[in-house]
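See below for the structure under consideration.
Values in this text are rule-based calculations from the coordinates and carry no lab data. From a predicted model like this one, the values you see are computed outputs, not experimental measurements. When we count neighbours, we look across all protein chains shown, and the Cβ atoms used for this are built from the backbone with ideal geometry, even at glycine.
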Amino acid sequence: MAIGALVVSLAGWAACGLVSWVGIILGVIALRQIRESGDAQEGRGMAIAGIVIGAVTTVGWLLYVGFWVFVIAASS
């Protein structure tokens with residue numbers, strides 16, 4: 001699950017942030033599974049990286065779209 005979170009977040013970065021939110025969800029699920037299983041270090045870093053990359057990409061994409069919506073609305 002942690003590997004999936006990282007891969008999807010990185011793919012979201014390459015695909016203009018369209019699927020980065022899935023990486024956030026998978027990362028949270030992976031962290032929950034790691035905590036419940038007791039494996040303190042097994043995949044924890046990848047899950048956190050997936051969450052962080054997914055969040056940064058999603059926020060960046062939303063800011064980018066919001067900027068262009070504002071620019072287009074202001075120029076009309």
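Fewest-first ordering of SER9, SER76, SER20, SER37 by other beta carbons within 10 Å of each residue's beta carbon gives SER76, SER37, SER20, SER9. Between the entries (1) 45, 23, 20; (2) 34, 28, 18; (3) 57, 18, 13, the label attached to Cα extents along the principal axes in Å calculated for this structure is (3). When only Cα pairs below 8 angstrom with a gap of at least 6 residues are kept, the chain shows a relative contact order of 38 percent.
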